[in-house]
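Structure below; questions to follow.
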Amino acid sequence: MSALLKVEGLVTRLRNGARIVDDISFGIKAGETFALLGESGCGKSMTALSLMRLLPDSIHVESGAVQLDDADILALPERAMREVRGGKMAMIFQEPGLSLNPVMTVGEQIAEALELHGGRRGATILPSPQPSPLKGEGVEQRCIELLQQVGIPDAPRRLHEYPFQLSGGMKQRVMIAMALAGQPKLLVADEPTTALDVTIQAQVLQLLRDTQQQSGMSLLLITHDLGVVAQMAHQVAVMYAGHIVERASRAQLFSHPAHPYTQKLFAALPDTARSGQPLAAIPGNVPPLHDIPKGCRFAPRCDKAWALCHEQAPEWTTLEQGQGVRCHLYSEVRREKGEGVERGRENGEGGRVDAAPRFSPSSFSLFPSLLQVENLQVHFPIRKGILQRVVGQVKAVDGVSLEIPAGRTLALVGESGCGKTTAGKALLQLIRPTAGSVRFAGNELIGLNARQLRKQRAGMQMVFQDPYASLNPKMRVAEILQEGMDALDTPSPSGGGLGVGEERQLHIDELLDQVGLAQAAKWRYPHEFSGGQRQRIAIARALAVNPKLLICDEPTSALDVSVQAQILNLLKSLQQELNLSYLFISHNLAVVEYLAHEVCVMYLGCIVERGSVQDVLHHAQHPYTRALLSAVPRIDGRGVEVVRLPGDMPSPANPPQGCHFYPRCAHAMEICRAAYPGATGINATHSVHCHLYGGEKKA
Amino acid sequence: MIAYLIRRILYAIPILIGVNLLTFALFFVVNTPDDMARMQLGIKRVTPDAIEKWKQQHGYDKPLLFNAMAEGAGKFGDTIFFQKSASMFVFDFGYSDDGRNISREIATRMMPSLAIALPTFFVGLLIYITFALLMTLFRATALDIAGVALCVLLMSVSGLFYIIGGQFMASKLWHWVPISGYAGGMDSIKFVLLPVLIGVMGSVGASSRWYRTIFLEEIGKDYVRTARAKGLSELRVLFRHVLKNAMIPILTGVVVVIPLLFMGSLLTESFFGIPGLGSYTIDAINAQDFGVVRAMVFLGSVLYIAGLILTDISYTIVDPRVRLQ
Amino acid sequence: MKAVILWTDAMIFLLLATAIAGTWWIRKRPHLMLPWQRVAQSSVGMVSLLVLSLFVLVGLLDSLHYRAALPEKNNGQVVYSPEVLSAFDTLASGLRSRTEKTYSAPLAACLYAKESIETADGKIMRDYPRLKYGGAHLADPQGELMGDVVRRAGVGAFAGLLIAMVFVAVAGWIKRSVSTRKVGGGYATLYPPYTRRSLLMTTLILSILIGAVANLAPVYHVLGTDKVGIDVLYLALKSIRTGLVIGTVTTLVMLPFALLLGIAAGYLRGWVDDVIQYVYTVLSSIPSVLLIAAAVLMMQVYIEMHPEWFETAAARADLRLLFLCLILGVTSWTGLCRLLRGETLKLREMEYIQAAQAFGVSSFRILTRHIVPNVMHIVLISVVMDFSSLVLAEAVLSYVGVGVDPSTMSFGTLINAARMEMGREPMVWWTLAAAFGFMLVLVLAANLFADAVRDAFDPRLNRTETV
């Protein structure tokens, strides 16, 4: 079967010369899903935009050929290209919230695509002299059909709604409906689920699979997520710094990754099987576009690189069964010596094994408690009317209780909007809680004034989600690290005969060492660092005041997989070294599994299930936890039973009566509608809020 | 929506009181009622009696802000400030120093002001947006660069130059239209033509460039890429998607001006001898007629606040996300 | 001779000192240098800066005021002339003192209108009288004027070109010797070649122009004379200072208020925000022209009531100028304040501010260390963008009669005086042309420079570089 899309030697570059996409070739067959896998900045989105000829003004395609159905895409005049866009080849984007026109109704936006492309292929069934663009009734009918096809309930009403009235998942469904309007042969999906929560991601991926089966279109899926690739792709190409470094079928790639980079990517993923061991992080960062290494682009970060790799860029080498790789390990020179392939394989496995001690999970209650939170509530008033009276409360956090012993990690897990970040900030008193009790090392924090609170601040610090927003761009690293010490007058651990200033400088050097940065970094500004390095600085800043508890708010969600592994390893070793406690806020269950000792699952401001990692992630009881677990795409394809959650999380301003989860729960009973379930103990450390287990004794 | 409007209108009251206090202070800090009386009666032959009489006639014989002599509410009520301000809230502006009813004067002068301001506003808007759309359509080409350069040049030229130059060219060299003056009815067109043209010309540079910036900002957004990915032509993207979204920032700057059109343009009207509210204000300032200036300041503030409220309402029309709460 | 420091002089010196201190501060901080380096790379920006700096030079020279000692003494005490002069006046004393009787056209040798002249033999005839100074060295103006003007302009232009080339060569030699010592040559990267080329071209063209004018000015009125015979070139050059003062001092006056209140409102919120919002809504709801007009008229009355406060007429006019700056500052204050409030509202939700709060850092320190540095680009952009509109506003206000003192030379007063003569036959056009021409060059340069600064500093416009 010949390829539907053929890309040969595509080169796309910035006006000032940097090559963003460099000599890329691949083909996609009809009905096939082709995944383009890579970390941020590797050029995968620019490849997609090059195919659509939608590149920003400052970027242009320099050379190469793109064939879609025998049409030479790059040579088409603009008018003909408009026929292709949305007709033969449609595209959906990462941010459904920004990608829909906010001031046009859903129907209008779909109709636009229908008017341009909808009538054409309909004409093959009912030949008419003029392929009439759909108008009026026909268009509306077709829009409703499309919305129903992508699984939007109550489609006739949704047609007249605006994007802001829809949830993120719904918006992405609308985007898909819009793309399907032209009955494209190829759908380009640029990180279609990255901005969505896992349960919604599962819904959207399922939808993409279903549509593909029905219509037989091809799918070019661009993603950074190996799990998504494992679920969706037939063929995979791995991109690194503008190159495709490996291309293979999914089965081949997952069983025998050839390129050292691919191997490393697998090894860097946190996973249950290795929850005790440090992750095989890839050292360093993706090279910046204007400073690409002369030889192999991955050589500076590759532990198998030798002299040749630094001098000469490797050629494309084809292995058995159509697998291809761009690596000297497999080039002719090496193969003659008979060691290339073997060595690659063997090391691919070897990268995973590491002689680090396994942390043994032990019972929680043995440890003295450092932080005790009881019935924490954070409500935000809703004001309305002439006098702005309070008419309701957004119950962002509604009665959360938890306990963290010294030296342990508690993970707070939940989807966006469940209140986990608000809870973290309320613990630090960055947001004043409405009610409840927060006792840190025996001292009650709620109700303290600013001066009393300052005394307690040193014990508890926070690491924020976005390393680009959490460092002041106008301050040097040394100033950033010193700020907390100055404000809290932190005694320096090194101590002894030095002035305060010098002591602080020494402490800063120590901190930088601790987080794995060079001491010279302290004279530099944040913009000179990459995301991972910035997160290290942010960790050093928190450590500067010798805290006992770190609240980590999704510290790795803005980072690439390879860098995420570095930060997770760092957090883990710091915990052992300094006996730190962590409150680890995350939506990523794999990360939680790797790092945490105990897990609390939050849904709509309340904790629905708590217990040790083993309990919650392997013997989950609450239907929500189960759904959450089964929604995570696994790279080994090993799924727990498939639980798909319908619908979206309700608004915390107006939570459902009774159990908050019942409208989405497959096991909902009469009683769920009526009353919020109390805690039920499953075992000594494991409890759940669910009526399914209500019959047993209440804890 | 209704609740929102009521709240906004209630909020306007303290602002208007503040505006009044400010104008009041500005006049009376340096210029006591005695000075005013002297000024009005002529510096030369003025007796203390005459001053007292003038003050009594014009209602300036009370304390300025606080009446210690009066009882209860009168402490604030029986003062010049209260007496002169309270009636303004029902748009009774009293009499000017030359004895005319200010409210009636405003009513008659409003028409000529509008006759200039409305066409200037709408013709201007049309031209600026068209020009800006053209530049956006041809962005990053020589045409765009030349357009921007022209805009910068035009906005660097003093507005006085347009007025003086325009008056000179049109009236002296070409004898098209009268230099200045005004007449009612159909005759007004020939008097209005030149001021409108010059008014539009005066801000073509700055405005077109501003709109271009807005359009360019919109065109960089993700939904525009989606629209292009559908296969829409550049023109349709511009008109159906960009223009609609750009209305939000455009309205922010434009709607607030609409009510102020009633105030006329001080400059244009005094240059072209148009008997509108702008020239009325200028004359009053030169004559130091406190009553008129205060009335105009009050009117201006009321219209400005009306403009702000109108802006908010206009958002609900172009942006479905906005709900007035 | 006694140095006189007028209020606006003090303001200008303060501004100059701030600028110098700021430059020194920025030079040591690479991340602050970065946007300025982007400005330096824009050839339009650098050319307009060059032109602007010429204006600034004239303005600064015109701000060094003094009163000359009079020859006669009063009981051994030195008596000073009531006339306040500036360093610029001394440099251009020729221009200042060579006043004619009335109007004369640019580069003319005769007055503009015929007058009755009594000839040597006692006859009265109507003719264009010769000027006292303009072209006085010519025996036969009608025949020689053209040739003399061209010759003098040519010589001057050539001299200017020569001086400029020597200057450029010396500068180039110094730079080369500096950059060979510094490995890598820190300066070479500052300007790309095309910027250097356009800077060089502009320098040469300006030198030719200045050379020609400088050689013509001693014997001609290059831009003619006005109604009372004062050289228009002198008037236009004197107007520059007024324009610069209005454009810069106004900002200086309003900046502290806007910065302090805007940030306080955005960061502290609550009742502080309510009060500040109330104040600026009140101020911005009064039409600004009305507010300015009312305030200026009130101040005029006030000054007239206290003539005893002022030693010299210059001091009086200066106070009025300062007051105009103040009131313009008050009216333009609200826009920046609102902008800063909005930005601070955004910034206070940034995670690095929350990190500082988690350390218990005081509000004052958060404001000064985290928020102020991160809103400075907005302040800078709005300052440079406001400059040109303020210069234009001065002309309009002076023209309407609520601007500067009529005795202060400014573009507005120049235009005001010249407009009366538009109706004359034949028309007196040169005063207007000079005023508009100078203003156009100043405002255009300021606008172009402001654009370059905005492009370099606005984070939203620098997106393409980070792709």
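Run down B:VAL196, B:VAL192, B:VAL242, B:VAL257 and say which single residue is touching a Gly at 6+ places or on another chain (Cβ under 8 Å), on the phi < 0 side of the Ramachandran plot and hydrophobic (A, V, I, L, M, F, W, C).
Testing whether each residue is touching a Gly at 6+ places or on another chain (Cβ under 8 Å), on the phi < 0 side of the Ramachandran plot and hydrophobic (A, V, I, L, M, F, W, C) leaves just B:VAL257.
Next question, about the same structure. Collect the residues in region A:221-242 that are of a type in the set (Val, Ile, Thr) and more than 17 Å from the chain's Cα centre (by Cα), keeping them in residue-number order.
Residues satisfying the conditions are A:VAL236, A:VAL238.
Looking at region C:419-432, which of its residues are within 9 Å of chain B (Cβ to nearest Cβ) and either in contact with a Lys or Arg (Cβ under 7 Å, 6 or more places away or on another chain) or buried (at least 21 other Cβ atoms within 10 Å of the Cβ) (or both)?
Correct list: C:LEU432 only.
Please go through (1) of a type in the set (A, V, I, L, M); (2) touching a residue at least 12 places away in the same chain (Cβ under 8 Å); (3) surrounded by fewer than 18 Cβ atoms within 10 Å (Cβ to Cβ) for A:MET462 and return the number of the only condition it doesn't satisfy.
(3)
Checking the structure you have, find out if any residue of region C:223-232 is within 14 Å of another protein chain (Cβ to nearest Cβ) and either on the phi > 0 side of the Ramachandran plot or not β-branched (Val, Ile, Thr) (or both).
Checked against the condition, which is being within 14 Å of another protein chain (Cβ to nearest Cβ) and either on the phi > 0 side of the Ramachandran plot or not β-branched (Val, Ile, Thr) (or both), region C:223-232 yields no hits at all.
Any residue that is within 19 Å of C:SER389 (Cβ to Cβ), assigned to a helix (DSSP H, G or I) and away from every other protein chain (no Cβ under 13 Å) - is there at least one of those in region B:263-275?
Checked against the condition, which is being within 19 Å of C:SER389 (Cβ to Cβ), assigned to a helix (DSSP H, G or I) and away from every other protein chain (no Cβ under 13 Å), region B:263-275 yields no hits at all.
Looking for something out of contact with any strand residue (DSSP E or B) (no Cβ under 8 Å at 6 or more places or on another chain) and under 30 Å from A:GLN456 (Cβ atoms) - is there at least one such residue anywhere in region C:305-321?
No, there is no match, as no residue in region C:305-321 is out of contact with any strand residue (DSSP E or B) (no Cβ under 8 Å at 6 or more places or on another chain) and under 30 Å from A:GLN456 (Cβ atoms).
With respect to the numbered conditions (1) open to solvent by less than 20 Å² (accessible area, probe 1.4 Å); (2) within 14 Å of chain B (Cβ to nearest Cβ); (3) touching a residue at least 24 places away in the same chain (Cβ under 8 Å), which one is the sole condition not fulfilled by C:VAL282?
Only one criterion is unmet by C:VAL282, namely (3).
Let me ask something else. If you go through region C:193-233, how many residues are buried (at least 16 other Cβ atoms within 10 Å of the Cβ) and aromatic (Phe, Trp, Tyr)?
So the count comes out to 1.
Sticking with this structure for a sec: What are the residues in region B:202-226 that are among the small types (Gly, Ala, Ser), open to solvent by 20 Å² or more (accessible area, probe 1.4 Å) and away from chain A (no Cβ under 14 Å), if any?
Quick first cut of region B:202-226, residues among the small types (Gly, Ala, Ser) only: B:202-203, B:205-208, B:220.
In the following step, the residues that additionally are open to solvent by 20 Å² or more (accessible area, probe 1.4 Å) were identified as B:202-203, B:206-207, B:220.
B:GLY202, B:SER203, B:ALA206, B:SER207 - these are the residues of region B:202-226 that are among the small types (Gly, Ala, Ser), open to solvent by 20 Å² or more (accessible area, probe 1.4 Å) and away from chain A (no Cβ under 14 Å).
Next question. Among A:GLN321, A:GLN252, A:GLN263, A:GLN312, which is the only one that is touching a residue at least 60 places away in the same chain (Cβ under 8 Å) and more than 28 Å from the chain's Cα centre (by Cα)? Steps first, please.
Details: A:GLN252 fails: more than 28 Å from the chain's Cα centre (by Cα); A:GLN263 fails: more than 28 Å from the chain's Cα centre (by Cα); A:GLN312 fails: touching a residue at least 60 places away in the same chain (Cβ under 8 Å).
Checking each option against the conditions leaves just A:GLN321.
Please find, among A:ALA18, A:ALA48, A:ALA113, the residue that is under 29 Å from the mean Cα position of the chain (by Cα), surrounded by 17 or more Cβ atoms within 10 Å (Cβ to Cβ) and touching a residue at least 40 places away in the same chain (Cβ under 8 Å). Even if it seems obvious, please write down each step before you answer.
Working: A:ALA18 fails: surrounded by 17 or more Cβ atoms within 10 Å (Cβ to Cβ); A:ALA113 fails: under 29 Å from the mean Cα position of the chain (by Cα).
Selected residue: A:ALA48, the only one of A:ALA18, A:ALA48, A:ALA113 that is under 29 Å from the mean Cα position of the chain (by Cα), surrounded by 17 or more Cβ atoms within 10 Å (Cβ to Cβ) and touching a residue at least 40 places away in the same chain (Cβ under 8 Å).
Report the residue count in region C:345-372 for those that are in a helix (DSSP H, G or I), open to solvent by 40 Å² or more (accessible area, probe 1.4 Å) and facing chain A (nearest Cβ under 8 Å).
Qualifying residue count for the region: 3.
In addition: Could you tell me how many of the residues in region B:288-325 are acidic (Asp, Glu) and open to solvent by 40 Å² or more (accessible area, probe 1.4 Å)? Talk me through it step by step, then tell me what you get.
From region B:288-325, those acidic (Asp, Glu) are B:289, B:312, B:319; that's our starting set.
If we keep only those that are open to solvent by 40 Å² or more (accessible area, probe 1.4 Å) as well, we get none.
Residues meeting the conditions: 0.
I'm told A:ARG13 meets every condition in (1) open to solvent by less than 20 Å² (accessible area, probe 1.4 Å); (2) in a strand (DSSP E or B) except one. Can you identify the failing condition by its number?
It fails just one condition, (1).
Same structure, new question: Run A:ILE59 past the list (1) open to solvent by 10 Å² or more (accessible area, probe 1.4 Å); (2) at pLDDT below 90 and report the number of the one that doesn't hold.
With (1) open to solvent by 10 Å² or more (accessible area, probe 1.4 Å); (2) at pLDDT below 90 applied to A:ILE59, the lone miss is (1).
With respect to C:LEU57, is the statement that it is free of Cβ contacts under 8 Å to residues at least 60 places away in the same chain, closer than 30 Å to B:ALA149 by Cα and open to solvent by 60 Å² or more (accessible area, probe 1.4 Å) true?
Criteria met by C:LEU57.
While we're looking at this one, here's another question. Do we find that B:ILE282 is open to solvent by less than 40 Å² (accessible area, probe 1.4 Å) and not in a helix (DSSP H, G or I) in this structure?
Answer is no for this residue.
Okay, next question. Residues C:ALA435, C:ALA446: which one is within 11 Å of chain B (Cβ to nearest Cβ), in contact (Cβ under 8 Å) with a residue 40 or more places away in the chain, within 30 Å of C:MET298 (Cα to Cα) and in contact with a helix residue (DSSP H, G or I) (Cβ under 6 Å, 6 or more places away or on another chain)?
C:ALA435
What residue, among those in region A:434-456 that are open to solvent by 30 Å² or more (accessible area, probe 1.4 Å) and facing chain C (nearest Cβ under 8 Å), is modelled with the highest pLDDT?
Step by step, filter region A:434-456, then rank; the result is A:ARG454.
Moving to a separate point now. For a quick check of your reading: which helices (runs of 4 or more DSSP H) sit entirely within region A:458-553 and have at least 2 residues that are more than 13 Å from chain C (Cβ to nearest Cβ) and either of a type outside the set (Asp, Glu) or under 26 Å from C:ILE371 (Cα atoms) (or both)?
A:500-514, A:531-543
I'm trying to understand the selection: among the residues of region A:294-327, which are acidic (Asp, Glu) and either in a loop (DSSP other than H, G, I, E, B) or within 19 Å of A:ASP23 (Cβ to Cβ) (or both)?
If the condition is that a residue be acidic (Asp, Glu) and either in a loop (DSSP other than H, G, I, E, B) or within 19 Å of A:ASP23 (Cβ to Cβ) (or both), then A:ASP303, A:GLU311, A:GLU315 are the ones that fit.
List the residue pairs whose Cβ atoms are under 7 Å apart, where the first residue sits in region B:1-24 and is more than 9 Å from chain C (Cβ to nearest Cβ), the second is of a type in the set (Gly, Ala, Ser), and the two are 6 or more positions apart or on different chains.
What qualifies is B:ALA3/A:GLY385; B:ASN20/B:SER85.
Got a sec? Which of C:ALA265, C:ALA236 is within 27 Å of the chain's Cα centre (by Cα) and of a type in the set (Gly, Ala, Ser)?
C:ALA236
Kindly indicate whether A:ALA558 is open to solvent by less than 10 Å² (accessible area, probe 1.4 Å), in contact (Cβ under 8 Å) with a residue 40 or more places away in the chain, among the hydrophobic types (A, V, I, L, M, F, W, C) and under 20 Å from A:LEU517 (Cβ atoms).
No.
Taking the condition farther than 30 Å from A:LYS171 by Cα, open to solvent by 20 Å² or more (accessible area, probe 1.4 Å), among the polar types (S, T, N, Q) and in contact with a helix residue (DSSP H, G or I) (Cβ under 7 Å, 6 or more places away or on another chain), does B:SER156 pass?
no
Any idea which of A:TYR624, A:TYR582 is open to solvent by less than 40 Å² (accessible area, probe 1.4 Å), among the hydroxyl-bearing types (Ser, Thr, Tyr), assigned to a strand (DSSP E or B) and modelled with pLDDT of 85 or more?
A:TYR582
A further question on this structure: Looking at B:THR136, is it within 18 Å of the chain's Cα centre (by Cα), modelled with pLDDT of 90 or more and crowded, with 19+ Cβ neighbours inside 10 Å?
Against the criterion (within 18 Å of the chain's Cα centre (by Cα), modelled with pLDDT of 90 or more and crowded, with 19+ Cβ neighbours inside 10 Å), B:THR136 does not qualify.
The values are calculated or read from the model by the stated rules, or taken from the named source; none is laboratory data. Please read these numbers as outputs of a predicted model, since none were measured by experiment. Glycine also receives a Cβ, built like all others from the backbone with ideal geometry; neighbour counts cover every protein chain displayed. The area values use the complete protein model at the heavy-atom level, side chains included, leaving out ligands, DNA and RNA. Shrake-Rupley method; radii C 1.70, N 1.55, O 1.52, S 1.80 Å.
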